[in-house]
There are 2 protein chains.
Amino acid sequence: MVSPTLSDVAQAAGVSYATADRVINNRGNVAQKSIDKVREAVAALGYVRNVAAANLSRNRVYRLAFLIPTGTNAFFNRIRNHIRHAAEHLSVDRITVEIIDVSAFSVDALEESIADLAQRDVDGVAIVGLQNPLLEGPLAKLRESGVAVIGLVSDLPQKFRSAYIGIDNMVAGRTAARMTGMAHAGGLGAIQTFVGSMEARDHAERLQGFCDVIAADYPHLTVLDPILTKDDPAVLKEAAGAVLSARSNVTAFYNVGAGNSGLVAAIGAAPENRPFCVVHELVAHSKQALIDKHIDLVIDQRPDIEVNRAFAMLRALLDERDLPPMPDLMPTIYVQDNLPADPLIDIAEAQSR
Amino acid sequence: MVSPTLSDVAQAAGVSYATADRVINNRGNVAQKSIDKVREAVAALGYVRNVAAANLSRNRVYRLAFLIPTGTNAFFNRIRNHIRHAAEHLSVDRITVEIIDVSAFSVDALEESIADLAQRDVDGVAIVGLQNPLLEGPLAKLRESGVAVIGLVSDLPQKFRSAYIGIDNMVAGRTAARMTGMAHAGGLGAIQTFVGSMEARDHAERLQGFCDVIAADYPHLTVLDPILTKDDPAVLKEAAGAVLSARSNVTAFYNVGAGNSGLVAAIGAAPENRPFCVVHELVAHSKQALIDKHIDLVIDQRPDIEVNRAFAMLRALLDERDLPPMPDLMPTIYVQDNLPADPLIDIAEAQSR
DNA sequence: AGCAAAATGATCGACGTATATCATAAAATG
DNA sequence: CATTTTATGATATACGTCGATCATTTTGCT
């Protein structure tokens, strides 16, 4: 009942341990005949390499790095907290983690940071990326030197990373639309949307998904042209306030991007008969707004699951074993009743200097 | 930069390896003075025990068991699939998993199964339990023999398990109510509820949470007395059909328990102007019903996360290390747009014999 | 002081794998 | 057939910890 060792395999295959080892770690200089015998023995005995012993032997340490956009963006602070928190518990497994700040959404800065990684003696990286061909050169170089690369939250050019971990923003937008549609219960309505920037791929995708569902399933609702906010709370406060005081026929707000504190401030100032409100990302602000009933829904991308998956993925890539099962990652709907206790949300602001 | 070994600690503390080892694995017969010195050295060097090496040395294998209710219940089939799937990838870590079927919701059967576990030479168990004092005896005996015990999905008597992994059913009910309230957009309405059994603690809690929120925040809605279904699809089909054909003023259905296929069948038979529908647990049936727009929402308890957490928890308990970060577990809201791809949902029915 | 009990040191052989060296055996080449 | 490749075997050391054993030293107690 105990699992077989490589010695057992060698014996069963009728070869020496050395030869079995040559096959398993394909070191070459082995006759095809022997390879087959070993392979068969592996299959017959159900041999699985003991990764713990292997890593112990080669004294393996994993040096991981995360490239995360800087700034006061509450969402990325939350991601950072999750990474740090996970990292604390990973030293047990000989894993060291480094969070590298990158100037937010600048292709040049990102390109440079990726190039820098090559010097840094790193085994695996998760990058909050951009779909820009400029990144392909440094990414290719990085991967050639044996570094595992995955995209996180925002994808990299597909051929230049091993995996992408993040939600489908089209789905996120569709989900927001579905909830907004439901909340109108068949009545007429007009939805004021807000976006940070139409160049941001994730914003565009969310809006697209949103409009698709409203058009298809809620024809009695109108989606108004998005107001551009640059994710700036001040801009949002101003714009939302204007809409509210105009006593327009707007029945719902959907903020595709960030800057929710401004939106909440505007609503707080005019609480009477506010529109139905959907925003993205559960952070200290939006959580409090939910509790205060200033907004109705938060669509979240579960950064805790994302970070969890990122680590599992990187380890699997580095150990050359296949992926363990991981929780599914889908846009999650929060209302005031199903909020997680997660303290990492609330300390987000405090920790970001 | 390499992490210190116990030898390093011993040296730093000015004691022999043997003494350091006595402290770390508290084997006793060590002077307080030495204990302190070693503790200090551990803190100073940041020593963390190499679990891989430790397990290798003691040739540790974890024998885990899951006690899961039998029957064709789609939800538990899904749980079973997740366990099996996870188990496949855990042999790498020398973990063997056994799923033990228990006659559903029978205290006697559960008591017997728990007693049997003592013979079974198991290191850790996750039990879909009941809050019944009858279980306390066998549970105490089990834990005395060094077995780690956690409750899964449904809790055990609190003093007799190390942890509980499952959602708060009150929260689940509240969440369902919030969504149902929203979907009425301030209009009048009456909600027909269905429960399997009022003795089932989870059903009662969900209903309680549901009624609480409706009463507090949606006073224009009426919650009708629950119809008892015994989780039987046939009963549900009959009852729901009757309500529908009576052309009553019912605006929403909330099924607290199982047997959704019956509810869906009734709705499918009378599709015109159906009520708003909320059910629990995403399984093949309910997923398809969402896609077909026969129901509106599914509140799910994320069995994938639950199983993930259960394994992490058991390993942490057995290794005597502290818990790694795990994704939060909250009732999750699914609509037709944010459904997970998870193939384990769909094969659920097929795999159950 | 004398003696038992408690504490400490020194050291060994596992665990399963990686990685290396060196000698020998088999196969391919001309 | 002689010679060079190529393949195989045998064996050693290291990784960090656990669980021993045995000898020795220190402490506590009367």
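The values are calculated or read from the model by the stated rules, or taken from the named source; none is laboratory data. Note that this is a predicted model, so its numbers are computed, not measured. No Cβ is skipped: glycine too gets one built from the backbone with ideal geometry, and neighbour counts run over all protein chains shown. These accessible areas exclude ligands, DNA and RNA; they are computed on the full protein's heavy atoms, side chains included. Shrake-Rupley method; radii C 1.70, N 1.55, O 1.52, S 1.80 Å.
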**Request:** Would you mind finding the longest exposed-site-free stretch of chain A, with exposed GluC sites (Glu not before Pro) meaning DSSP loop and at most 12 other Cβ atoms within 10 Å?
**Result:** A:1-198
**Request:** For B:309, B:78, give the ranking by accessible area with the largest first, probe 1.4 Å.
**Result:** B:309, B:78
**Item:** About the Cα centre, charge dipole magnitude for segment B:6-49 (Lys/Arg +1, Asp/Glu -1 at Cβ), debye
**Value:** 140
**Complete:** Kirkwood-based Rg/Rh on the Cα set of chain A evaluates to 1.10
**Loss of accessible area when B meets A, both sides summed, Å² nearest 100, probe 1.4 Å** = 4400
**Request:** Run the numbers on segment A:47-61: which residues show a drop of 30 Å² or more in accessible area, chain on its own versus all protein chains together, using a 1.4 Å probe over heavy atoms?
**Result:** A:48, A:50, A:52, A:56
**Item:** Shielding by partners - mean other protein chain Cβ count within 10 Å, residues of B:175-186
**Value:** 5
**Message:** With an 8 Å Cα cut-off and a minimum separation of 6 or more residues, compute the relative contact order for segment B:15-148 in percent.
**Reply:** 24
**Prompt:** aspartates and glutamates within cross-link reach of residue A:159: Cα-Cα under 15 Å, excluding same-chain residues under 8 positions apart?
**Reply:** A:136, A:144
**Message:** Just to confirm the numbers: residue B:28, label point 7 angstrom along the Cα-Cβ line, distances to the other copies in nm, shortest first?
**Reply:** 5.9
**Request:** Would you kindly find the accessible area of residue B:168, with a 1.4 Å probe and non-protein molecules such as ligands, DNA and RNA excluded, rounding to the nearest 10 Å²?
**Result:** 80
**Request:** Kindly report, to the nearest 10 Å², the accessible surface of residue B:162 as traced by a 1.4 Å probe over protein heavy atoms only.
**Result:** 50
**Request:** Keeping all protein chains in place, calculate the accessible area per residue for segment B:169-300 (probe 1.4 angstrom), answer in Å².
**Result:** 39
**Item:** Of A:287/B:293; A:230/A:287; A:293/B:287, pairs whose Cα-Cα distance is over 25 Å
**Value:** A:287/B:293; A:293/B:287
**Complete:** Buried by partner chains in segment B:75-97 (accessible area down by at least 40 Å² vs chain alone, 1.4 Å probe, heavy atoms, protein only) are B:89, B:92, B:94
**Prompt:** Given a 1.4 Å probe and every protein chain left where it sits, what share in percent of the accessible area of chain B is carbon and sulfur?
**Reply:** 50
**Asked** Share of antiparallel DSSP beta bridges in the protein assembly as shown, in percent to the nearest 5?
**Response** 10
**Message:** Using a label point 7 Å beyond Cα on the Cα-Cβ vector, give me the inter-copy distances for residue B:144 in nanometres, one decimal, shortest first.
**Reply:** 6.8
